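The values are calculated or read from the model by the stated rules, or taken from the named source; none is laboratory data. Predicted model, so just to flag it, every value in this text is computed and none were measured. Using ideal geometry, Cβ is built from the backbone for each residue, glycine included, and neighbour counts are taken over all protein chains shown. When the accessible area is computed, the model is the full protein with side chains, heavy atoms only, and any ligands, DNA or RNA have been set aside. Shrake-Rupley method; radii C 1.70, N 1.55, O 1.52, S 1.80 Å.
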Amino acid sequence: MSLDVQILTALRAASDVAVSGAELSQKLRVSRAAIWARVEELRSLGYDIEASPHKGYRLLSTPDVLHADDLISRLGKTKVVGRDIRVFQETTSTNDVIDKLARDGVKEGVVVFADSQTRGRGRLGRKWMSPARRGLWFSILLRPDLRPQEVTRLTVASATALRRAIESQTGLKPEIKWPNDILVYGKKVAGILMELSAELDQIKYVVLGIGVDVNLNPGDFPAELRKIATSLKAELDRPISRPDLAVAILRELDSDYARISAGQFPALADEWAKHGTTIGRDVVIRMGNRQVRGRAESLGEDGELLVRTEHGHLERIVGGDVTLEK
Ligand code: BT5
């Protein structure tokens, strides 16, 4: 744990009470001067830390920046997700960074955030707009013990976790549109991109990419997106703290990943269905140049969508774009 993490953790634990330099120095086994230097650095990043010569240090407020040490400090101990967090100012796509780490043999659970992405992507090579410091653009490395055909379970679990975290941080009631969209009042606020490296019957690793439109203003969206996309700030009329939301999402993801790993997918699928917009609706699904039309009946045991077609067959849908019919 870096010194910054230890200082922030100690100040948070003390809450409203000041912690003296002597106490911190003793606890963290570094000189008071070293603590002072780190506090100065944290202040320059926007952390409002009061320093009184008699009482010591007190954390008054934290800025809306993603700071790896601070995220680690707030997240505390998790089972897998977020045990290593890295923040970049700019990347092509956080999925690319994680993919490289995966090929270098890094352990699962590492999370990479970027303040902005120059080549953020959606599914099928589509573009994902990722303006600087307005959203959460991040990816996670997972090495799940699942067969490739079961991987949609992870999308379902991620969507469920993401929905729950957004609800707890904003009070909004987001809905999930199969497979990977989180909607607020019918417009997309978040998307999930899962890329996997697999052999015939075994997953090597999964790169789980998540984009959340947090503090974008309506004018930040190009005209063609304004009809279909929105941000949490635009819906609430107030900004949302990105680090708070990031920590809430990672915590929920960690817990749902543990549930999947423990074979509890059916319970997640039930929760998913409760908040989904898709089941029971007439849908059109486009997969490349094939199209399926029918009624979405339920979620299958691997997270796939089961659709009763106009001809009465039950089709198992594992990808594609869903349009909900009126
Ligand atoms: C997705 O794809 O919804 C997956 C998005 C995943 C983004 C994250 S950000 C971190 C990580 N790194 C990456 O490079 N990607 C992941 P899809 O269902 O294909 O939706 C893409 C479509 O959403 C686009 O064609 C646009 O219509 C729309 N779109 C683009 N940017 C958007 C945004 N910021 N908010 C809402 N919709 C957007």
### Message
Please give me the summed charge of the neighbours of residue 320: other residues whose Cβ is under 14 Å from its Cβ, Lys and Arg +1, Asp and Glu -1.
### Response
+3
### Query
Per Stokes-Einstein, at 10 °C and 1.306 mPa s, what whole-number D in µm² s⁻¹ belongs to the range 282-324, with the Kirkwood radius over Cα pairs as the hydrodynamic radius?
157
### Query
What value, in deg cm²/dmol to 500, does the helix sum -39500 (n - 2.57) over DSSP H runs of n ≥ 4 give at 222 nm once divided by the residues of the chain?
-10000 deg cm²/dmol
### Task
Take 94, 9 and sort them by solvent-accessible surface of the protein heavy atoms, 1.4 Å probe, largest at the top.
9, 94
### Message
Sequence gap of 8 or more, or different chains, plus Cα separation below 19 Å: how many lysine pairs satisfy both in the range 145-245?
### Response
10
### Query
Where q = 0.20 Å⁻¹, what log10 of I(q)/I(0) comes from the Debye formula for the range 3-61, counting one point per Cα?
-0.63
## Note on the structure
Note, residue 65: beta-carbon cut-off 9 Å, +1 each Lys/Arg, -1 each Asp/Glu, net -1
### Spherically averaged projected area of the range 40-160 from its Cα convex hull (nm²)
9.8
#### Entry: In the range 275-326, GluC sites (Glu not before Pro) in a DSSP loop with at most 15 other beta-carbon atoms within 10 Å
301, 310, 325
#### Entry: Relative contact order of the range 138-207, defined on C-alpha pairs under 8 angstrom at six or more residues apart (%)
38
### Message
If I require 20 Å or longer along the helix axis, counting alpha carbons, and a Kyte-Doolittle average no lower than -1.0, what helices from the chain are left? Use full DSSP H segments.
### Response
152-170, 242-261
### Query
How big is the gap, in Å, between the Cα center of the range 220-276 and the Cα center of the range 25-43?
36
### Query
Taking square-rooted eigenvalues a ≥ b ≥ c of the alpha carbon gyration tensor, is the range 68-275 rounded, prolate or oblate, where a/c under 1.5 means rounded and, failing that, a/b exceeding b/c means prolate?
rounded
